[in-house]
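J.: Structure below; questions to follow.
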Amino acid sequence: MLAASFALVVEVLENLAYLANASNLVLYLSKYMHLSPSKSANNVTNFMGTAFLLALLGGFLSDAFFTTYHIYLISALIEFLGLIILTIQAWTPSLKPPTCDPSTTPSMPCQEIDGGKAAMLFIGLYLVALGVGGIKGSLPTHGAEQFDENTPQGRKQRSTFFNYFVFCLSFGALIAVTFVVWVEDNKGWEWGFAISTIAILVSIPIFFFGSSFYRNKIPSGSPLTTICKVLVAAMLNGCMSRNSSNAIANLSASPSFEPETNKEQEENAKQTDEIPTQSLKFLNRAVVYKPAHPALQCTVNQVEDVKIVLKILPIFACTIALNCCLAQLSTFSVEQAASMDTKLGSLKIPPASLPVFPVVFIMILAPVYDHLIIPFARRVTNTEMGITHLQRIGIGLFLSIISMAVAALVEIKRKRVATDSGLLDSTAPLPITFFWIALQYLFLGSADLFTLAGLLEFFFTEAPSSMRSLATSLSWTSLAMGYYLSSVIVSIVNNVTGNSGHSPWLSGYTINRYHLDRFYWLMCVLSTLNFLHYLFWAMRYKYRSAGAGASK
């Protein structure tokens with residue numbers, strides 16, 4: 001556990017550096033870069049989506065060419081460079097658009113950032129995204145590889161690691177959305193970016209100090225090459241089998257094919273000691289005595305590895321809708337809170353600090369789950385896992401439905417207060433406390449804990465060892481697709497509702513004129529359909545990993 005502890009400490013600093021900016025970025029873009037609320041929201045979701053999507057690149061490089069150790073160090077340096085660029089821009093007034101106050105000069109719209117200033121902003125942001133992607137794609141796998149998966153104790157410790165990985169991720173987020181966001185709002189964004197820069201810089205030597213304790217998996221070649229080779233071989237060999245006597249290997253597992261000759265059986269026996277499974281039977285055509293091309297010669301192990309990857313993809317797809325809901329925490333929810341009374345006694349809470357509610361709840365629930373819920377579940381079910389990965393993911397998806405329903409009801413209340421107070425077109429705070437928004441944060445935070453930790457462990461334990469970093473990166477890719485889908489849904493909703501002769505649901509100068517309640521009800525319906533889709537696949541999935549459903 002000592003080696004994995006370095007990864008946990010580093011995750012605190014890394015997520016602090018990333019989320020300190022991401023959680024408040026929508027306000028930075030709208031107030032200081034003068035982008036409209038919808039443009040700011042879409043830029044934030046695109047930035048965060050790209051960061052998580054690039055985790056696939058980090059995972060791929062970790063499996064194919066470098067170790068997770070090297071990918072982390074390279075990625076941290078890239079993120080450090082991006083944060084330096086953003087810090088310099090925030091510190092230098094000439095690198096930002098001219099300041100303005102639309103409430104004093106409504107006839108003169110503020111000038112949006114453009115030209116070289118916009119280029120500097122987005123170069124810095126997407127260098128950060130590239131670094132974050134590499135870290136997310138390598139660090140969880142690096143920590144999980146420090147445990148012996150061949151023993152029950154090692155597997156239990158690995159499960160604990162994933163729980164505390166989410167805990168540390170949340171701890172970094174807690175510092176980001178409280179202390180750093182307060183600094184950004186009260187002392188200036190240049191200081192917020194500077195804190196993030198220092199955090200990611202400090203994480204590098206801390207990670208490096210654990211070098212003597214790490215167990216590093218040797219890269220075994222490109223997993224994408226194996227996947228493509230098996231798929232192409234199955235397709236071409238299938239076409240050839242219709243026009244020739246070329247036999248499929250291990251025909252005893254596929255009696256519908258023509259029988260092999262004794263010579264072919266002997267050759268196939270030399271190639272493999274295993275028989276392909278009957279699931280996804282069309283891929284068995286990749287294992288033949290005479291392939292369509294020598295470069296397409298596949299082993300049974302390669303075919304079975306690709307089958308595993310294809311089987312986990314539907315589970316991955318079903319989590320995208322949840323992450324589309326989570327995208328609202330960084331966009332519309334922040335703007336909602338900014339329109340409300342954010343005072344707590346004499347203290348004024350920054351709207352971007354609202355994620356403190358789900359973060360604190362996750363930090364409480366993670367150790368409770370690991371030390372109380374899981375041991376109890378193990379005794380009740382008499383299994384090593386207690387609660388399976390897919391059950392845990394399913395709980396998170398169900399909670400996302402509740403969170404969107406709560407968000408819609410809260411928005412109805414907020415709009416009613418705005419109407420009754422005559423403040424629909426005002427930028428003044430509404431006479432309603434921002435604590436109402438905390439309700440949707442709590443449900444979405446709980447959903448995130450169950451789903452993210454479950455996904456990370458599910459992909460790591462189910463994937464072939466040669467593809468673990470790439471498979472684990474799917475957890476972050478699901479987040480990316482969720483953020484991108486959020487942008488797409490916002491655009492579609494505005495286009496459809498705007499074409500009917502009415503104002504678009506999610507358009508206007510003030511969020512009080514938005515129809516966010518309708519948007520949240522739409523997300524609730526989509527989440528319900530997605531949950532039913534998930535149940536279809538989860539109930540048919542069969543675990544392959546040791547201990548997934550075995551008795552203690």
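The values are calculated or read from the model by the stated rules, or taken from the named source; none is laboratory data. All values reported here derive from a predicted model rather than from experimental measurement. Using ideal geometry, Cβ is built from the backbone for each residue, glycine included, and neighbour counts are taken over all protein chains shown. All accessible areas refer to the heavy atoms of the entire protein, side chains included, with ligands and DNA or RNA removed. Shrake-Rupley method; radii C 1.70, N 1.55, O 1.52, S 1.80 Å.
J.: Pairs LYS187/LYS415; LYS343/LYS413; LYS281/LYS542; LYS31/LYS348: which exceed 27 Å Cα-Cα?
T.: With Cα atoms farther than 27 Å apart: LYS187/LYS415.
J.: Placing +1 on the Cβ of each Lys and Arg and -1 on the Cβ of each Asp and Glu in the chain, which of GLY82, THR433, ALA41 has its Cα farthest towards the positive end of the resulting dipole?
T.: Farthest along the dipole direction, towards plus: THR433.
J.: Then there's this: Can you classify region 323-362 as rounded, prolate or oblate using the Cα gyration tensor, where a ≥ b ≥ c are the square roots of its eigenvalues, rounded means a/c under 1.5, and otherwise it's prolate if a/b beats b/c and oblate if not?
T.: Oblate shape, in that a/c is at least 1.5 and b/c is the bigger or equal ratio.
J.: Whole Å is fine, so just give me how far the alpha carbon centre of region 372-386 lies from that of region 134-170.
T.: 19 Å
J.: Work from the charge dipole of the chain (Cβ charges, +1 for Lys and Arg, -1 for Asp and Glu, about the Cα centre) and give the residue of PHE316, TYR126, TRP182 farthest towards its positive end.
T.: The residue sitting most towards the positive pole is PHE316.
J.: For LYS343, what accessible surface area do you get with a 1.4 Å probe? Give it in Å², rounded to 10.
T.: 130 Å²
J.: What angle, in degrees between 0 and 90 and rounded to the nearest 10, separates the Cα long axis of helix 2-22 from the longest principal axis of the Cα atoms of the chain?
T.: 40 degrees
J.: Rounded to the nearest percent, how much of the accessible area of region 129-243 (1.4 Å probe, protein heavy atoms only) is carbon and sulfur?
T.: Carbon and sulfur atoms account for 67 percent of the accessible area of region 129-243.
J.: So what is the accessible area of the chain per residue, in Å², with the probe set to 1.4 Å?
T.: Heavy-atom accessible area per residue stands at 41 Å².
J.: Only helical DSSP H runs with n ≥ 4 go in: add -39500 (n - 2.57) per run for the chain, normalise by residue count and round the 222 nm mean residue ellipticity to 500 deg cm²/dmol.
T.: The helix-only estimate for the chain comes to -21500 deg cm²/dmol at 222 nm.
J.: Sorted from largest to smallest, which semi-axis lengths in Å does the alpha carbon gyration tensor of region 307-546 give for its equivalent ellipsoid, taking the root of 5 times each eigenvalue?
T.: So the three semi-axes of region 307-546 are 36, 21, 14 Å.
J.: I would also like to ask the following. Let me spell out the model: positive unit charges on the Cβ of Lys and Arg, negative unit charges on the Cβ of Asp and Glu, origin at the Cα centre of the chain. What dipole size does that give, in debye rounded to 20?
T.: 660 debye
J.: Hey, another quick one. For the chain, build the charge dipole from Cβ charges (+1 Lys, Arg; -1 Asp, Glu) around the Cα centre, then report which of THR477, HIS142, GLY394 sits farthest towards its positive end.
T.: GLY394
J.: Right, another one. Could you give the size of the charge dipole of region 307-546 about its Cα centre, using +1 on the Cβ of each K and R and -1 on the Cβ of each D and E, expressed in debye and rounded to the nearest 20?
T.: The dipole magnitude comes to about 480 debye.
J.: On to the next question. Give the separation of the Cα centroids, region 397-454 to region 72-102, in Å.
T.: Centre-to-centre (Cα) distance: 31 Å.
J.: Taking the Cβ of ILE135 as the centre, find all other residues whose Cβ is under 9 Å away and add up their charges (Lys, Arg: +1; Asp, Glu: -1).
T.: Taking every Cβ under 9 Å from that of ILE135, the sum is -2.
J.: Note down the Stokes-Einstein diffusion coefficient of the chain in µm²/s, whole number, using a Kirkwood radius over alpha carbon pairs, 20 °C, and 1.002 mPa s.
T.: So the translational diffusion coefficient is about 85 µm²/s.
J.: Which cysteines does the chain leave without a neighbouring Cys Cβ under 4.7 Å?
T.: That list is CYS168, CYS228, CYS239, CYS298, CYS318, CYS324, CYS325, CYS524.
J.: Could you check how much of the accessible area of region 307-546 is carbon and sulfur, as a whole percent, using a 1.4 Å probe?
T.: Summing carbon and sulfur atoms, their accessible area is 68 percent of the total for region 307-546.
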